Amino acid sequence: MPAPSPVLDCLRRYWGFDALRPLQREAIDATLAGRDSLTVLPTGGGKSLCYQLPPMISGRWTLVVSPLIALMQDQVAALTSAGVPAAAMHSMAEREAGDEARRGVEEGRLRLLLAAPERVLTDSFRGWLGRCAQKRKGPGAIAIDEAHCISQWGHDFRPEYRRLAELRQILPGTPIGAYTATATPRVRRDIIDQLGLRAAAELVGDFDRPNLTYRVLPRVDVAKQTAEALRRHEGRAAIVYCISRKDTESLAAALVAMGFDAAPYHAGMTPVKRTRTSDAFRREQLQVVVATVAFGMGIDRGDVRCVVHAAMPKSVEHYQQETGRAGRDGLPAECVMLYSSADAVRWRQLLQGGPTDPDEPFDPAAARAQLELLDHMQRLAGSARCRHRALVEYFGQRLAGDNCGACDVCLGELAPIADAQDVARKILSCVFRCEQRFGAAHIAEVLMGARTEKIRQLGHDAVSTWGLLRGLSKAQITNYIGQLVDDGRLERVGEQYPVLRLAAGAWPVLRNEARATLVEARIDDARPGRRAKPSQTRTPLTDDEQRLFEALRAWRRRFAEERAVPPFVIMGDATLEDLCRARPSTPEALAGVRGIGARKLADLGPLLLPELARACAGLGLALNARTPLPPEQGPSEPARLSAGASAARELFRGGMSVEEVCAKMGRARSTVMDYLAGFVQGDRPESIDRWVDPGTQRRVAEAAETCGGGRLRPIFEHLAGAVPYDQIRIVLAHRRGKGARGPEVE
Ligand code: ADP
Ligand code: ZN
């Protein structure tokens with residue numbers, strides 16, 4: 001029996017959670033110990049709890065600085081309903097509300113005071129803080145949310161954030177905790193320096209979001225492709241991001257014409273209209289918002305199932321932040337980017353021409369930084385590298401395993417191009433002819449046959465490879481160069497201005513002894529039924545449970561409307577799902593559901609239990625008087641065999657084909673192939689001829705021998721893309737079962 005912990009007691013009592021997520025404990029402990037901290041966790045990682053919980057233990061209040069005015073009111077509502085006394089002060093709140101909040105602090109009633117930075121920096125607020133401190137009523141901690149706003153290397157620089165360091169002077173002994181979802185090492189340094197954090201605990205979480213499936217498709221028809229993505233999540237919440245206000249209007253109109261429940265959102269709309277749209281979305285009365293970046297900062301809807309970028313965003317930070325709004329509840333969600341190299345051109349013009357957001361002041365130095373961020377984004381969008389890997393590496397981390405199983409690249413959705421060998425040799429020769437002293441952009445321009453000043457000065461328009469890839473775009477060529485780097489044919493050398501050099505793998509290709517592969521996205525998305533792969537951390541709901549979920553969701557919506565709060569304040573989707581699995585019939589059983597704390601139990605229990613009983617009776621589902629739910633599983637723990645997987649296992653044992661199992665279970669082919677791989681690895685059937693024809697098995701086996709191992713991509717390439725990834729996986733799983741050598745197949 002572990003020693004009783006006040007933190008865990010508090011967590012159970014007010015939040016209804018059993019365990020802390022990674023780094024929450026460290027962040028909370030640092031604050032309680034009076035130590036400065038910087039906590040970097042991805043969206044949905046649980047940052048708020050890190051600053052919300054300590055005041056419930058210390059008994060002193062915490063000042064939370066947050067730029068998200070729209071979110072403050074909801075946070076306060078959610079906290080209050082959980083029994084945590086909180087209030088917000090910002091420009092939109094009434095004056096009396098502000099006075100009341102201050103009194104609440106002075107009288108020791110409040111535990112959290114949320115305030116916008118411009119409010120915190122007013123003379124009157126600073127004066128008040130100073131007086132509080134003199135009376136020994138100052139805050140026990142200061143929390144700076146969205147701390148990346150302090151850095152011009154961040155994606156949302158706000159100059160007024162810099163002045164937050166002044167809080168240190170007023171409250172010298174108070175620990176400051178900075179929290180952000182997005183921070184490259186450079187931004188992290190900047191936050192620490194600018195805020196003057198001392199010996200700060202730097203807590204950087206795992207950046208991968210395994211429940212998100214990423215896809216990047218070449219943009220051909222924006223409305224049609226957006227609709228295709230949205231149809232995979234029919235009736236569920238989705239956000240579509242566009243570059244310009246005009247684009248949001250026209251795309252929203254096109255989607256409405258196609259029958260979607262969609263509306264535009266941008267900073268040029270009247271505040272009334274904007275609020276109406278964002279409120280409707282939060283209240284689940286609107287499913288699709290087509291927006292500029294202005295949308296989302298204040299949106300806390302956890303059940304967004306799909307985020308579409310109708311065009312490339314202007315930085316990887318933006319991409320990560322915006323796609324991060326999908327699947328915050330931890331359930332599977334999909335992120336689709338429709339990419340064209342023209343997007344980068346457009347951004348470049350916008351960035352060089354002035355601020356990209358008319359509400360921001362123009363700062364030339366910041367604009368230069370933005371151009372650099374743009375290049376990173378373009379490289380990521382244009383490459384054929386695993387998206388999960390590229391993203392976490394951008395943030396200075398590594399991804400374990402070979403195949404993430406949740407991006408277009410790893411799912412084998414990219415098709416090999418026919419003349420890869422020819423294109424690869426031209427690129428490699430060009431690098432060689434240019435004496436291995438130039439970066440990808442220059443090499444691409446030479447191959448395109450451009451006559452830039454640099455090319456003319458260097459005489460590179462006279463090298464034999466000049467203009468050999470005329471007809472391809474610069475983005476396409478840099479994309480191929482990226483693939484050649486990934487495949488060990490080229491290497492990038494140098495930190496700030498990396499140049500391309502031939503790597504060991506280049507020579508066999510140049511001598512035509514090895515064949516290079518280059519891939520590009522299939523525009524026609526041959527598998528429209530593909531779905532995000534089921535989360536590894538949670539069991540999918542059965543069909544009946546899914547119906548119960550919809551019924552409870554409708555109840556939550558009605559109930560939220562009565563109370564005039566957004567539905568997620570009542571409870572999140574993850575809690576709702578757990579309810580559907582647990583189906584408690586008693587308050588004790590309900591208390592065992594994650595996300596139901598003491599206050600929620602007392603408040604919602606009497607209404608929820610009868611509703612649940614009624615819905616279950618209608619669906620013929622049994623209730624449970626006692627329901628110990630398994631604890632929340634972190635992504636690092638081995639996944640349990642899900643209900644879907646064990647159902648599929650039985651069907652495969654019965655000899656059903658993949659198509660039959662898809663039809664029987666109503667699941668996407670990709671999901672069923674996942675199940676099949678698990679079945680083959682776990683059950684070790686004698687033969688897999690039923691699922692992969694023997695000829696293909698032989699080819700994969702031979703390729704595996706030649707490539708010397710069980711990594712998917714080399715085998716896929718060795719077979720020139722003729723065998724899809726999922727079939728290769730099945731064969732490898734089978735070989736492993738039979739004792740063939742090879743690393744784990746995930
Ligand atoms: P962030 O601010 O990092 O984007 P949030 O603080 O909004 O993330 O938390 C995301 C979700 O995770 C919320 O629904 C929150 O209630 C939930 N959550 C946070 N901590 C825990 C925990 N220890 N156990 C279970 N759920 C948690
Ligand atoms: Zn991947």
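None of the figures in this text is laboratory data; all of them are computed from the coordinates on show. Just so it is clear, the structure is predicted and the values come from calculations on it, not from any experiment. Glycine gets a Cβ as well: all are built from the backbone with ideal geometry, and neighbour counts include every protein chain shown.
Can you give me the relative contact order of region 6-204 as a percent, contacts being Cα pairs under 8 Å and 6 or more apart?
30
With r defined as the distance between the Cβ atoms of Glu106 and Ser5 and R0 fixed at 30 Å, what FRET efficiency is calculated, to the nearest 0.05?
Plugging the Cβ-Cβ distance into 1/(1 + (r/R0)^6) gives 0.45.
Could you check the spin-label model distance between Arg684 and Arg470? Points 7 Å from the Cα along Cα→Cβ, value in nm.
With each label placed 7 Å out from Cα toward Cβ, I get 6.2 nm.
Give the residues of region 241-258 whose amide nitrogen is closer than 11 Å to a point set 7 Å from the Cα of Ala280 in the direction of its Cβ.
none
Cross-link candidates for Lys246: which lysines have Cα within less than 30 Å, leaving aside residues fewer than 8 places away along the same chain?
Lys224, Lys273, Lys314, Lys474
Just order 394-401, 597-604 by mean Cβ neighbour count inside 10 Å, highest at the front, would you?
Ranking the peptides 394-401, 597-604 by packing returns 597-604, 394-401.
Does region 147-279 come out rounded, prolate or oblate by the C-alpha gyration tensor, with a ≥ b ≥ c the root eigenvalues, rounded set by a/c under 1.5 and, if not, prolate when a/b is larger than b/c and oblate if not?
Taking the square roots of the gyration eigenvalues as a ≥ b ≥ c, region 147-279 is prolate.
Short version: ³J(HN,Hα) in whole Hz for each residue of region 236-247, in order, from phi by Karplus 6.51 cos²θ - 1.76 cosθ + 1.60 (θ = phi - 60°), x for Gly and Pro, what are they?
Karplus values, whole Hz, x for Gly and Pro: 9, 6, 8, 10, 10, 9, 10, 6, 10, 4, 4, 4.
For helix 694-707, report the angle its Cα long axis makes with the longest principal axis of the Cα atoms of the chain; keep it between 0 and 90° and round to the nearest 10°.
90
Length gain on complete extension for the stretch Asp193 to Thr452, per 0.36 nm per residue less the alpha carbon to alpha carbon distance?
Here the segment from Asp193 to Thr452 would lengthen by 89.2 nm.
Between rounded, prolate and oblate, where does the chain land on the alpha carbon gyration tensor, with a ≥ b ≥ c its root eigenvalues, rounded for a/c under 1.5, else prolate if a/b exceeds b/c?
Oblate.
I need the peptides 418-425, 259-266 ranked by packing, meaning the mean over residues of other C-beta atoms within 10 angstrom, with the highest value on top.
Answer by packing, highest mean first, reads 259-266, 418-425.
Would you work out the relative contact order for region 543-619, in percent, from Cα pairs under 8 angstrom that are 6 or more residues apart?
33
Mean separation of Cα pairs under 8 Å and 6+ residues apart, divided by the residue count of the chain: what relative contact order is that in percent?
12 percent.
So if each residue of separation counts as 0.36 nm, and I subtract the Cα-Cα distance between Ala418 and Arg368, what length gain in nm does that give?
14.1 nm
Quick one: P(r) of region 377-532 from all Cα-Cα pairs, 10 Å bins, percents rounded to integers, in order of increasing distance.
Taking all Cα pairs of region 377-532, the binned fractions are 10, 38, 35, 14, 3, 0 percent.
Rounding to the nearest 10 and keeping the result within 0 to 90°, find how far the Cα-based axis of helix 69-81 lies from the longest principal axis of the chain.
Roughly 60 degrees between the two axes.
Relative to the first principal axis of the alpha-carbon coordinates of the chain, what is the inclination of helix 364-382, with its axis defined by its Cα atoms, in degrees from 0 to 90 and to the nearest 10?
Helix 364-382 sits at roughly 60 degrees to that axis.
Run down the aspartates and glutamates and flag those whose C-alpha is under 15 Å from the C-alpha of Lys135, throwing out any fewer than 8 positions away in its chain.
Glu106, Glu107
Output the peptides 566-579, 499-512, 65-78 sorted from most to least packed, where packing is the average of other Cβ atoms within 10 Å over each peptide's residues.
566-579, 65-78, 499-512
May I ask you to list the lysines whose Cα is less than 25 Å away from that of Lys664, ignoring any residue fewer than eight positions away on the same chain?
Answer for Lys664, where 25 Å is the Cα cut-off: Lys533, listed by chain and number.
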